[in-house]
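Q: Mind looking over this structure? Questions follow.
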Amino acid sequence: MQRPNLNRTPLSIATQRQTVRRTLLTSAFVASVLLGSTMAQAAAVALNIPAQSLASALNELGKQANLQILYSPDQVQGIKSRSVLGSLEPVKALESLLQGSGISYQLNGDTVILSAHQGQGLELGATNISGQGMGTSLTTEDTHSYTTGASNSSTKLPLSIRETPQTVTVITRQLMDDQAAQSIGDVLRNAPGISTQAYDSDRMEYSARGYAITNFQYDGVNTLYDGVFDEGATKVDMALYDRVDIVKGATGLLSGSGEPSATVNLIRKKPTREFKASVTASAGSWDNYRTEGDISGPLNDDGSVRGRFVGVYQDADSYRDHYSKKNDVFYGIIEADLTPDTLFTFGMDYQNIKPRGSSWTGNPYYFSDYTKTDFSRSFNPATDWSRRDVQIQSTFAALEHRFANDWKVKGTLTQQTNDHDTLLGSASGGKPNPVTGDGMFFYWGKWEGHRVQNTFDLNATGPFTLFGREHELVVGATSQSSRQTGATFDGSEYRKLNSSIFDWNGKYPQPDFPKNGKYETNQNQNSAYIAARFKPADDWSIILGSRVSDFQYNSTYTYYQQTSTFQDNKTTSKQHGKVTPYAGVVYDINDTYSVYGSYTSIYKPVTEQSSSGTTLAPTEGNSYEIGLKGEYFDGRLNASAAVFRTEQKNVPIQTGTDVNTNLGIYESLDGATTNGIELELAGELMPDWNLMAGYTYAKTRSEDGKRVYGYPLETTKPENVARVFTTYRLPGVMNKVTVGGGVNWQSPFYGKIYNDAKGDSDFIEQQSYALVNLMTRYEYNEHLTFNLNANNVFDKKYLSGLGNFNTTYYGEPRSLMLTSKYTF
């Protein structure tokens with residue numbers, strides 16, 4: 001059906017009435033014949049409609065529920081609607097939007113005709129028809145919300161937060177803007193249940209439920225995590241993304257392998273059917289300057305082709321001496337409705353990160369007499385030429401078709417290319433004399449690498465009928481391959497610093513790093529998965545699924561010898577037909593509360609080798625979770641409380657280093673168990689008052705009751721993590737002002753530092769600490785806003801990393817960021 005021309009020449013009142021009546025009757029008749037179903041019998045759909053004008057809200061309902069909604073613009077003019085979030089039947093969603101408006105409706109098939117209670121009908125103005133075309137997936141942009149109506153990040157089924165039998169944290173666009181989150185690191189360190197530990201100036205490790213997060217997705221498509229090399233996974237710029245879904249616990253159904261921590265799914269911004277654009281500029285502490293542009297809208301008259309472009313440039317210094325970073329980001333995406341039921345998407349993004357003064361590890365913990373050092377937070381042991389340059393480029397395409405029976409098939413092809421050029425020099429080794437500062441030496445080296453990942457995913461989702469009830473099914477397959485090549489350079493000489501570390505300023509001649517080898521690593525994972533959501537009764541849902549995967553890994557390191565011969569180190573690992581089951585059940589106690597339980601297995605292929613040179617057995621285990629969820633104010637506020645248990649065996653732990661190859665020697669820990677609880681509350685407490693809050697307790701112990709330390713960060717994870725952030729828009733004459741703030745608190749964590757005098761490790765502690773953050777926003781007018789963010793307001797001094805090669809690393813001191821945004 002073609003969209004009517006809303007800009008036609010005005011007609012007489014009589015002609016207008018006749019035209020409107022004919023349009024309504026004809027549209028209703030055609031819709032009834034073609035669609036052949038009734039709205040009253042429609043199944044619940046996931047909706048995310050923010051509070052806004054009623055006209056805009058009806059338009060969104062039409063798009064998201066695939067309805068024809070006919071009404072007079074004059075009739076809804078000046079009327080505001082409430083927000084509708086969650087999984088609702090379309091008719092109930094419509095009633096919620098119309099509540100208190102004085103407007104009633106009539107149903108005719110999947111067509112809705114609005115009318116006034118007073119019997120005025122639709123006599124004036126043009127007709128607005130909504131719900132045409134595809135490409136209207138749920139987004140959090142412009143909803144001003146801290147929660148979302150639905151997420152398919154846990155099972156690929158579109159479920160509300162309450163319907164998902166796992167803990168799901170959603171970081172919306174509004175929350176990112178309120179916290180001035182510019183990178184995925186900014187997002188994760190403020191997210192409920194996530195803890196952060198630093199390797200050095202450019203590498204961070206993020207953890208959940210006692211384990212490092214290794215699963216990162218983009219629009220639900222898996223990527224391979226490169227661990228401590230971090231060629232981009234934890235450096236992603238957030239200007240490209242609408243929201244971040246964090247599914248807690250093991251997620252083997254969609255990821256296949258990984259740690260039982262969490263999967264982080266970054267959802268890209270999509271083109272809009274209406275033109276919108278914005279320019280954002282920010283200036284912060286330590287000469288941190290950033291400019292961001294975002295433009296989106298239709299590319300043809302009827303909006304069937306839409307595009308969006310985002311560009312970012314950032315140039316920042318740091319609280320660390322002689323450290324700086326430049327960041328270039330570009331993102332473009334096009335959506336095209338090939339037919340009313342077929343959507344094609346193509347896009348590219350590119351990020352170029354250039355730091356200078358990059359440290360390799362942190363500062364020494366001990367002086368030579370084993371008293372504790374006390375370097376300032378601004379001290380940087382790196383040379384001024386030290387760098388970790390990273391370029392990330394992704395190209396993606398998707399084709400999605402919706403059938404008349406509500407089934408949908410989607411194929412996605414993604415290629416991600418990562419390049420890194422690493423040249424490091426950092427005076428971080430040794431223990432300095434407490435008086436003279438002598439005794440330090442360099443960690444330094446040079447590496448280059450190029451990695452190409454290709455991922456193809458094909459899946460089908462839709463309803464099916466069994467025993468007289470309707471259920472949902474998703475079935476799919478994923479093929480993923482990665483090839484990484486690069487060069488190594490001679491970095492075995494740890495040169496002594498010939499001056500006092502107390503006089504260090506980063507100035508040091510750059511040495512020559514001759515090439516001494518090359519490497520190639522290939523990884524492949526092919527999987528097939530299936531999941532079904534059964535509804536044996538209105539208040540019960542059961543999700544059963546499984547994934548079958550093949551894994552293959554091989555790497556070759558070739559080292560050049562002085563005699564011109566070669567030495568090869570090869571590692572190979574294969575696993576075939578590994579099954580990862582998943583089960584979940586949700587029971588609706590009433591309209592507000594649900595109880596749930598879920599189970600999934602854990603599987604992670606490992607490449608670490610024992611002292612005999614054999615590859616260790618894969619890490620395996622089980623993950624269990626039970627909980628209670630609540631959905632308040634029609635889904636505008638979501639709450640969850642969960643108890644979880646994770647059991648693992650064959651966890652690799654490093655026990656030494658091979659002096660010939662300089663590679664780690666590992667052994668398998670027989671068992672490790674994590675028990676914990678997780679609480680979360682997110683959304684709107686009342687109009688203009690948003691809240692994101694969470695508390696997580698996760699205690700991990702080995703079979704003999706000891707703490708479990710990671711590697712290369714030989715630390716434990718904090719057992720208690722609490723996050724809270726809230727904003728409130730002031731009432732009355734002050735309603736242009738929004739104020740807010742939050743607290744990030746975590747309990748102690750522990751690390752190992754080797755003590756030569758003892759011939760063993762010392763166990764050091766970072767005590768519990770809390771960081772207080774504040775924000776305020778001023779809306780000058782409908783186009784221009786100003787945000788001011790202050791982080792670590794009380795300037796807490798703390799260690800964000802410890803135990804990496806016997807060093808420690810300070811967290812960021814107090815900082816300010818002023819952001820202005822102009823919307824066209």
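Every number here is computed from the coordinates shown, using simple stated rules; none is lab data. What you see is a predicted model, and the numbers here were worked out from it, not measured in a lab. We place every Cβ from the backbone using ideal geometry, glycine too, and count neighbours over all the protein chains shown.
Q: Could you state, as a whole-number percent, how many of the C-alpha pairs of region 780-821 are farther apart than 13 Å?
A: Summing the P(r) tail past 13 Å for region 780-821 gives 66 percent.
Q: Now for a separate question. Using Cα atoms only, what is the angle between the long axis of helix 13-35 and the major principal axis of the chain, expressed in degrees (0 to 90) to the nearest 10?
A: Helix 13-35 sits at roughly 60 degrees to that axis.
Q: For the chain, what is the calculated [θ] at 222 nm in deg cm²/dmol (nearest 500), taking -39500 (n - 2.57) for each run of four or more DSSP H residues and dividing by its residue count?
A: After summing the helix terms and dividing by residue count, I get -2500 deg cm²/dmol.
Q: Got the relative contact order for the chain handy, in percent, Cα pairs under 8 Å and 6 or more residues apart?
A: Values: 2313 pairs, mean separation 77.9, N = 824.
RCO, the chain: 9 percent.
Q: Ok, one more. Using a 7 Å offset from the Cα along the Cα-to-Cβ direction at both ASP795 and GLU667, what is the distance between the two label points in nm, to one decimal?
A: 4.8
Q: Any idea what % of Cα-Cα pairs in region 265-823 are farther than 45 Å?
A: Tail of P(r) above 45 Å: 25 percent of Cα pairs.
Q: Given a Förster distance of 35 angstrom, what is the FRET efficiency for GLU782 paired with TYR632, based on the Cβ-Cβ distance and rounded to 0.05?
A: 0.70
Q: Could you point to the residue in ALA208, THR700, LEU679 farthest towards the positive end of the chain's charge dipole, with +1 and -1 charges on the Cβ of Lys/Arg and Asp/Glu respectively?
A: LEU679
Q: What number, in nm² with one decimal, is the all-direction average of the projected area of the convex hull of the alpha-carbon atoms of region 386-447?
A: Values: hull surface 30.9 nm².
So the Cα hull casts an average projection of 7.7 nm².
Q: Dividing the Cα radius of gyration by the Kirkwood radius, what Rg/Rh value follows for region 282-393?
A: 1.25
Q: Just to confirm the number: angle between the C-alpha axis of helix 54-65 and the first principal axis of the chain, 0 to 90 degrees, nearest 10?
A: Taking Cα atoms only, the helix is inclined about 70 degrees.
Q: How large is log10 I(q)/I(0) at q = 0.20, 0.25, 0.30, 0.33 Å⁻¹ when the Debye formula is applied to the Cα atoms of region 515-554, each weighted equally and without solvent?
A: -0.73, -0.85, -0.97, -1.03
Q: Separate question: Figure the gain on full extension for LYS515 and LYS570 (residue separation times 0.36 nm, minus the Cα-Cα span) and round it to one decimal in nm.
A: 17.9 nm is the gain from fully extending LYS515 to LYS570.
Q: Next question. Considering every Cα-Cα pair within region 488-641, what fraction, in whole percent, is farther apart than 25 Å?
A: Details: 7316 of 11781 pairs.
Taking all Cα-Cα pairs of region 488-641, the fraction more than 25 Å apart is 62 percent.
Q: Related question: In terms of Cα to Cα distance under 26 Å, which lysines are near enough to LYS92, apart from those fewer than 8 places away along the same chain?
A: Excluding near neighbours in sequence, the set is LYS63, LYS80, LYS156, LYS408, LYS535, LYS629.
Q: Follow-up question, since we're still on this one. Separation between the ALA477 and ASN352 pseudo-spin-labels, each 7 Å from Cα along Cα→Cβ, expressed in nm?
A: Between ALA477 and ASN352, the label points sit 4.0 nm apart.
Q: Shifting gears a bit: Would you mind computing Rg(Cα) / (2.2 N^0.38 Å) for region 208-281, counting N as its residues?
A: On the way: Rg = 14.5 Å, N = 74, 2.2 N^0.38 = 11.3 Å.
Rg over 2.2 N^0.38 Å, computed on Cα atoms: 1.29.
Q: Additional query: Please report the equivalent ellipsoid semi-axes of region 469-562, computed as sqrt(5 x eigenvalue) of the Cα gyration tensor, largest first, in whole Å.
A: Over the Cα atoms of region 469-562, the semi-axes work out to 55, 22, 9 Å.
Q: Further question: Can you put ASP591, ASP302 in order of Cβ neighbours within 10 angstrom, beginning with the fewest?
A: Numbers: ASP591 7, ASP302 12.
Fewest-to-most ranking of ASP591, ASP302: ASP591, ASP302.
Q: Run through all the Cα pairs of region 691-775 and give the fraction in each 5 Å bin from 0, expressed as whole percent.
A: Using 5 Å bins, I get a P(r) of 3, 12, 15, 15, 14, 10, 9, 6, 5, 4, 3, 2, 1, 0 for region 691-775.
Q: Another one. Using the charge dipole of region 278-433 (Lys, Arg: +1 at Cβ; Asp, Glu: -1 at Cβ; taken about the Cα centre), state which of GLN391, SER282, GLY425 has its Cα farthest towards the positive end.
A: GLY425
Q: Moving on to the next point. Please label the shape of region 415-486 as rounded, prolate or oblate, based on the square roots a ≥ b ≥ c of the eigenvalues of the alpha-carbon gyration tensor (a/c under 1.5 means rounded; beyond that, a/b larger than b/c means prolate, else oblate). Don't skip to the end; give the middle numbers.
A: On the way: a/c = 8.58, a/b = 2.81, b/c = 3.06.
Cα axes put region 415-486 in the oblate bin.
Q: Could you check the spin-label model distance between THR556 and ASN522? Points 7 Å from the Cα along Cα→Cβ, value in nm.
A: 0.9
Q: If you don't mind, there's one more thing I want to ask. Taking every pair of distinct Cα atoms and averaging 1/r, then inverting, what Kirkwood hydrodynamic radius in Å comes out for region 202-345?
A: For region 202-345, the Kirkwood estimate is 17.6 Å.
Q: Same structure again: For the chain, build the charge dipole from Cβ charges (+1 Lys, Arg; -1 Asp, Glu) around the Cα centre, then report which of PHE467, ALA51, GLN351 sits farthest towards its positive end.
A: Working it through, the farthest residue towards the positive pole turns out to be ALA51.
Q: Where in region 522-550 does the amide nitrogen come within less than 18 Å of the point 7 Å from the Cα of VAL409, taken along Cα to Cβ?
A: Residues 528-531 qualify, since their backbone N sits under 18 Å from the label point.
Q: Treating the beta-carbon of each Lys and Arg as +1 and of each Asp and Glu as -1, no other charges, what is the dipole magnitude of region 265-823 about its Cα centre, to the nearest 20 debye?
A: For this selection, approximately 480 debye.
Q: Another one. Taking a cut-off of 22 Å between Cα atoms, list the lysines near LYS796, but don't count ones fewer than 8 places away on the same chain.
A: Cross-link targets: LYS372, LYS717.
Q: I would also like to ask the following. Provide the FRET efficiency to the nearest 0.05 for the TYR599-ASP688 pair, computing r from the beta carbons and using R0 = 45 Å.
A: 0.65
Q: What percent of all Cα-Cα pairs in region 330-410 falls into each 10 Å bin, going from 0 up to the bin containing the maximum distance?
A: Answer for region 330-410: a P(r) of 14, 22, 17, 14, 13, 13, 6, 1 percent.
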